[in-house]
Amino acid sequence: MHKNSTITEELKCTLPDTQNQTDIRDIPIDKVGIKNLKYPITVKDKDGGVQYTVATFAMTVDLPKEFKGTHMSRFVEVLMNKKEIHIDSIFEILKEMQNKLHANSAHIELDFPYFKEKLAPVSRKPSLIDYRIKFHAVVNKNKKDVIMTVVVPVKTLCPCSKNISKYGAHNQRGEVTVAVRFNDIVWFEDVISIVEQSASCELFTLLKREDEKYVTEKAYENPVFVEDVVRNVVTKLKQNDKILWYHVEAENFESIHNHNAYAMIESHESFSNGHAKDFMIKRF
């Protein structure tokens, strides 16, 4: 055996394992683990390509009442055992967390930027725009649950302001957050498209003068309240048979108020193939 390996094994035998000590307070812990861990991941594009990005991880398990603590290092070891982290491998990671930490339930949360190339509407100049993607997945014994969240920036123009003003109308950037449960692949790009079609106008990173004219006039011709945005998004989500549940929020960063406008709709249907689905993740 290598000398360093021998020293490591000797240390393991002599160093106390405080986490495995018995706790006498008779209180189990629902979630314990690590948060704010940055790690590279690979994400599939709808067109068949892949995108490399960096995700912020939170990884937790339950802890029985008799154990003093969990082994934090094992969460990182689970990731290090993977040569490449794919979104498709989330449940493999959760199973490894269960096994390595002897847990009944395991949670993993990922939050990462996703980039998409967009062409300016008139000049067709290309540029990248970023969206925020989140996944929250859980395994409890053999049950699985996952929520995908997509955050999309948009432009909105106020219908009331347009109707009461002799000219112009106040408009602003907004942010729409769509969380879904699904029974088949739902692409980020499809959710992004639904949201951008539901606002006054989509946003672009690079705009020439002719593009600015187009965006300004398109928004003026498509005024929407935050209420309109969430209703528009939900109408389109309901047409997708792959989506089992949704939670949609719209927030406008108001340009004439010192506060934001907000609206939310959450699906009350939780059915798959006619049967009620027992969702494990509580969002709020």
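If you go through the stretch 157-174 and keep only what is within 10 Å of Glu251 (Cα to Cα) and either surrounded by fewer than 18 Cβ atoms within 10 Å (Cβ to Cβ) or of a type in the set (Val, Ile, Thr) (or both), you end up with just Arg173.
Would you mind stating whether Lys213 is out of contact with any Ser or Thr (no Cβ under 9 Å at 6 or more places or on another chain) and either over 23 Å from Glu266 (Cβ atoms) or of a type outside the set (Phe, Trp, Tyr) (or both)?
Values: out of contact with any Ser or Thr (no Cβ under 9 Å at 6 or more places or on another chain): yes; either over 23 Å from Glu266 (Cβ atoms) or of a type outside the set (Phe, Trp, Tyr) (or both): yes.
Answer is yes for this residue.
Considering only residues in the stretch 167-202 that are more than 20 Å from the chain's Cα centre (by Cα) and in a loop (DSSP other than H, G, I, E, B), the one that is farthest from Lys236 (Cα to Cα) turns out to be Tyr167. Residues in the stretch 131-180 that are more than 30 Å from Ser105 (Cα to Cα) and touching a Ser or Thr at 6+ places or on another chain (Cβ under 7 Å): Lys155, Thr156, Leu157, Ala169, His170, Asn171, Gln172, Gly174.
Residues in the stretch 46-85 that are within 27 Å of Phe115 (Cβ to Cβ), loosely packed, with under 14 Cβ neighbours inside 10 Å and in contact with a strand residue (DSSP E or B) (Cβ under 7 Å, 6 or more places away or on another chain): Val50, Tyr52, Val54, Glu84. Confirm whether Ile90 is modelled with pLDDT of 90 or more and not assigned by TED's automatic domain parsing to the domain that holds Ser193. It is true that Ile90 is modelled with pLDDT of 90 or more and not assigned by TED's automatic domain parsing to the domain that holds Ser193. Residue check, Arg124 against (1) more than 26 Å from Ile185 (Cβ to Cβ); (2) in a strand (DSSP E or B), all met but one. Which one? Evaluating Arg124 over (1) more than 26 Å from Ile185 (Cβ to Cβ); (2) in a strand (DSSP E or B) leaves (2) as the failure.
Considering Val230, Val224, the condition of being in the same structural domain as Asn163 (by TED's automatic domain parsing), in a helix (DSSP H, G or I) and surrounded by 15 or more Cβ atoms within 10 Å (Cβ to Cβ) is satisfied by Val230 alone. Does Arg25 count as in contact with a helix residue (DSSP H, G or I) (Cβ under 8 Å, 6 or more places away or on another chain) and outside the structural domain of Asp190 (by TED's automatic domain parsing)? In short, no.
Inside the stretch 118-135, can you point out the residues that are free of Cβ contacts under 8 Å to residues at least 24 places away in the same chain, among the basic types (Lys, Arg) and under 15 Å from Glu212 (Cα atoms)?
From the stretch 118-135, those free of Cβ contacts under 8 Å to residues at least 24 places away in the same chain are 119, 124, 130, 132; that's our starting set.
If we keep only those that are among the basic types (Lys, Arg) too, we end up with 124, 132.
Arg124 - this is the single residue of the stretch 118-135 that is free of Cβ contacts under 8 Å to residues at least 24 places away in the same chain, among the basic types (Lys, Arg) and under 15 Å from Glu212 (Cα atoms).
Do we have Val78 as in contact (Cβ under 8 Å) with a residue 12 or more places away in the chain and either assigned to a strand (DSSP E or B) or more than 20 Å from Lys134 (Cβ to Cβ) (or both) here? No: the conditions fail for Val78. Evaluate the following for Lys95: is it part of a helix (DSSP H, G or I) and over 20 Å from the mean Cα position of the chain (by Cα)? Against the criterion (part of a helix (DSSP H, G or I) and over 20 Å from the mean Cα position of the chain (by Cα)), Lys95 qualifies.
Within the option set Phe204, Phe135, Phe182, Phe188, being surrounded by 15 or more Cβ atoms within 10 Å (Cβ to Cβ), outside the structural domain of His86 (by TED's automatic domain parsing) and within 19 Å of Asn252 (Cβ to Cβ) holds for one residue only, Phe204.
The values are calculated or read from the model by the stated rules, or taken from the named source; none is laboratory data. Predicted model only: the values in this text are computed from it and were never measured. All Cβ positions, glycine included, derive from the backbone under ideal geometry; neighbour counts span all protein chains shown.
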